[in-house]
Each structure stands twice: as structure tokens, then as C-alpha cells.
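Following: one structure in C-alpha cells, then a few remarks.
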Amino acid sequence: MKKTDKRTAGAQSSQMQLRLPLRDLVRETLFDTVIVAGVGLVREVLEEERTALCGPRYRHDPQRQVLRAGSLSSSLSLGGRRVEIGRPRVRGIDGHELVLPSWRVWSARDPLQQRAMEQMLVGVSTRRYARSLEPLPSELAVHGVSKSAVSERFVVGTERKLGELMRRDLSGLRLVALMIDGVHFSDHVVLAAVGIDTAGEKHPLGLREGATENAAVCRALLADLIERGLNPNQAMLVVIDGAKALRKAVLEVFGGRALVHRCHQHKKRNVTEALPERMRTPVRSAMSQAYATHDPKRARRLLENLARRLESHYPGAAASLREGLEETLTVMRLGLPENLERVLSSTNLIENLFSRVREVSRRVKRRQGGAMILRWTAAGVLEAQHHFRKVAGYRAIPKLITALRAHDAILDRQRPVDNRKQAA
């Protein structure tokens, strides 16, 4: 390489080294200038409004009805924290303090709660909240970034999210399927209900916390959904995780209008847990092959044959397989396309939902009671809802609707017969 080329390359390298820190310096200076100028503009606007009310300073006005009253150290939300600003004060001649119009608007808009929620949901801990924010100029006094302040705002925010979820009006939803599953958090179980409407959209409907998946907890959850507008007098596919208590509660609330389907994944899990390790994979594979036939008669035959083979050595697994076997074939009897049948045959939809809940709450080391668990669950569920898409095979939902209305027609024809029997 020529000497001139080496000198040119060295000069370019030096320029790059100078340019990089200069770029950072310009960026910091620009940010500080914008923030400081913005705060200065706030002060100017407030002072102009006070002048408009009180008149020019030091000018005698016998008709004046509003007086200057000094200033008070206050704060406004800025960049995820509170920034101290001297608030000009005005009072009427009767001593009553007036709030300046701009201050009323700015102070009413408090995005700190939402900012704390967003930071916590993306994995920022309360201790590191301040570090996650853009630094402000040193001349601005800030507060509201301590661990306790952020935690308090998050508690308030998650309580609001839980309230929003539990108060949603369901009367406008036209649901064709209802999924209910329970997820364990420490010593607590949270029952979740998710609905699928006629367009294939998913809707989180409600949560209920309890010690176990008992019928009383499920009844309370369903009663709350009905009180908020869910129609119990129209046939609906109800997919549950396989717990007998859930089935009992669903039938008590919906009666014959519920086409109960037991989750395939839970059924396979329950059966294989009663088997030794070496037997679990082949039995799970045999059950999966049966459920993949899309033929309810053939699937029943294959599952019954499997139960007979297990009965002599593993009677517990055989009994678990036979228990509720017919209800694991409910969706298969509806004649739906494979992709929609696969979605409706398990509660994986809720499992995926709760995987998001676990992701956003992974930093929580101690869950202090059911109220805290519900708050975190509601926050995670509503966060996951932002990424909801239509269920696979949603274009075939009209076939499901036709099957449900046919079931309604059968029940309606049977009702007069039942009434005549009761009268006799």
C-alpha cells in the first residue's frame, strides 16, 4: 500500500472515532434541550394563563376578582416518572383557589400507571425500572421511580385490568364454543374461560380462583358469565380439561344445551400418568392415532381395544381411558374439517394463553395469595389478547353452527314430550 493511501485510511479512521462520540454527544444535547425547553414552555403557558386571569403584575386594578398567590412545588408526568414543576397559584378575592386550565388537563393525564404496567409486562423488575427510562437533564428533580412507587402503580393497574376483564359485557357475543381449563399457581388454581365466536375470534371471558378445580368454583365462574350476558339457552360446544367437577358444573348450568367435549391432551396425560415410564410413549402414540382417524366409530373401537390390552396389568390406566371416553369423541361427531376439529378437540388454546401469563410473571418469586395471582393472570391474559388471531379452520364454523342449531331443534322437539310426561 502506498504511503498516501495509509495516511488517507488513518485520517478516515480518526474521523470515524471522533464522529461516534460526537454523535452521542449531539443526541444527548438535543434530548436535554428538547426536555428543558418543553418544561420551560409549560411554565410560560401557566404564567400566561395566570396573567390572563389576574392581569399584569404590579398593575393596580380595583375591579380585579382574582389574585396571584405565589407558587407551589408540584409535579407532572414525564417519561415514566414525575418531574417537579413550580405551579403558579391564583385565588379569588373570597380566598377560593382556582386551577389553571392547562394544569387541570395536564395533571389529569397520568400515564405513569400504564407505563409501569408496560415495563413490568415486558420483564423489567421494579428495582430496575428507573434504569429502563430515558435519563432526564440533571437540573430536573424527579421522583416516582422507587421500587415501592412502581410496585404500587402496578398493583393499581393490574386491579384495573382484572376489573375490566371481570366486568365485560358478554351480551353482544355470539359464541359457538366455550373452553374452560384450570391452571395451577403454587397452592392455587385459576379457572379460565375463553369463548370462540361465529367469526372464529377468541375472547377471554373470565377468571375464577380456588384451591382446587371443584364444581362450586366452576359454577361460580359460569354463573358470572351468564350474569354478564352469556346465553345459556342456546346449544354450545363446551370443551373442558376432563375434570369431573367441571363436567358436573357445566351440565348443572347449561343442561342439555352443552355439548361437552373432553380435551384429548388431558385424557392422554391422565392415562399415561397411571403407567410406568416405558409404557407411556407407545400408549400415547396409540391414543393419538385413534383420535387422528376422524371417524368416531373407529376411534372408539381402537380406544376400547387399547383399554382391554391395559386392563390386566394396568387396570387404573384402563379405567382412566374408559372414563368419559364418549365425550372425547364429541367434536369428531360434528363432521368438521380436520384443522377446526384439531383446535376444538383440546384446551391448548387456554394452555397457550397461560404460557403468556407465566412469561410475564416469571420474575415473581413469591405469590402472596389468590388476589395477586388473579391480578397477574388478568394482566397476562389481556396482554396475550393483543396477539390473538382467528382460530385455524374458522371458515368452517358455519358447519359447527348448523350442528348446534340441529341439536337445539332436537331438544325443542323433546321438550313437549317431557312436559306431557310430567303432566301425566
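Structure summary
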| item | result |
| --- | --- |
| Chain lengthening between ALA409 and GLU134 when straightened (0.36 nm per residue, less Cα-Cα) | 92.8 nm |
| Rg/Rh ratio calculated on Cα atoms of the stretch 172-418 (Kirkwood radius) | 0.97 |
| Full-stretch length increase - GLU201, THR51 - with 0.36 nm per residue and alpha-carbon distance subtracted | 48.5 nm |
| Peptides 176-184, 278-286, 164-172 ordered by average Cβ neighbours within 10 Å, highest first | 176-184, 278-286, 164-172 |
| Inter-site label distance for SER107 and GLU227 at 7 Å from Cα along Cβ, in nm | 3.8 |
| Efficiency of FRET from Cβ geometry, ARG91 and GLN385, R₀ 41 Å, rounded to 0.05 | 0.30 |
| FRET efficiency, 1/(1 + (r/R0)^6) with R0 56 Å, evaluated for ASP187 and GLU304 via beta carbons | 0.90 |
| Segment ALA220-HIS313, length gained on full extension (0.36 nm per residue, minus Cα span) | 29.4 nm |
| Gyration tensor verdict on the stretch 217-278 (Cα atoms; rounded if a/c is under 1.5, prolate if a/b is larger than b/c, oblate otherwise) | prolate |
| Subset of LYS202/LYS248; LYS268/LYS390; LYS244/LYS390; LYS248/LYS390; LYS268/LYS297; LYS297/LYS390 violating a 22 Å alpha-carbon distance limit | LYS202/LYS248; LYS268/LYS390; LYS244/LYS390; LYS248/LYS390; LYS297/LYS390 |
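No lab work stands behind these numbers, since they all come straight from the coordinates. As the structure is a computational prediction, the values presented were derived from the model and not from experiment. When we count neighbours, we look across all protein chains shown, and the Cβ atoms used for this are built from the backbone with ideal geometry, even at glycine.
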